[in-house]
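J.: Sharing a structure, written as structure tokens. Questions coming.
No lab work stands behind these numbers, since they all come straight from the coordinates. This structure is a prediction, so every number in the text was calculated from the model and none was measured. With ideal geometry, Cβ positions are generated from the backbone for all residues, glycine too; neighbour counts draw on all protein chains shown.
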Amino acid sequence: MFKLDDNLLQELGLGTLPPAEKNKMLAHIYETLELRVGMKLAEQMSDEQLDEFEAFIDKNDEAGALKWLETNFPNYKQVVADELEKLKAEIKAQAPQIIEATMAQLNNPAMATPPPSPAVPDPFAQPSVPPIQNLPNPDDLAKAA
């Protein structure tokens, strides 16, 4: 189908990255692609299909998940190909900045782990809700009525 390897990084303009950084970039591309394909397919699934597919994922049954996709979404390979092309275009457009930032981090280890930015909230963080206290007892409300 497709290979995530050095040839892909060359195609994307990232061939000059050091080997360790290439491995990190390939892992990032894979994770991003997996997430995007999953989201795209999930949009097309019924709740029942989503539950069935998630059961394979929860069991780390990659072979079962793949067989399920082939049966229920025979076009999933096209979804993967489409999302990969979109991702490749995004990376190509950012390749010079990626190379520059990576080299700057490698040349200045103090930059390697930037402090977390409080200006960018985590979109997946659960809001902190303080516990509700001093609510009246429902029995007391019934007696007062």
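J.: To the nearest 0.05, how large is the calculated FRET efficiency for Phe73 and Ile98 if R₀ is 30 Å and r is the Cβ-Cβ distance?
T.: Plugging the Cβ-Cβ distance into 1/(1 + (r/R0)^6) gives 0.40.
J.: If the limit is 24 Å between Cα atoms, which of Lys59/Lys92; Lys3/Lys77; Lys59/Lys88; Lys59/Lys86; Lys3/Lys40 go over it?
T.: Lys59/Lys92; Lys59/Lys88; Lys59/Lys86
J.: Specify which residue in the list Asn60, Leu14, Phe2 is farthest towards the positive end of the charge dipole of the range 1-63, using unit charges on the beta carbon of Lys, Arg (+1) and Asp, Glu (-1), about the Cα centre.
T.: The listed residue farthest towards the positive side: Leu14.
J.: So for Met103, Met39, fewest C-beta neighbours within 10 Å to most, what's the order?
T.: Least crowded to most crowded, the residues run Met39, Met103.
J.: Further question: Considering amide H positions built from the backbone, and no H for Pro or chain starts, which residues 5 or more places from Phe73, or on another chain, come under 5 Å of its amide H?
T.: Those lying under 5 Å, H to H, from Phe73: there are none.
J.: When the expected Rg is taken as 2.2 N^0.38 Å, what fraction or multiple of it is the alpha-carbon Rg of the range 1-104?
T.: For the range 1-104, the normalised Cα radius of gyration is 1.24.
J.: Still on this structure, please answer the following. Express in nm, to one decimal, how much length is gained between Asn23 and Phe2 on full extension, taking 0.36 nm for each residue of separation and deducting their alpha carbon distance.
T.: Result: 5.9 nm gained on full extension.
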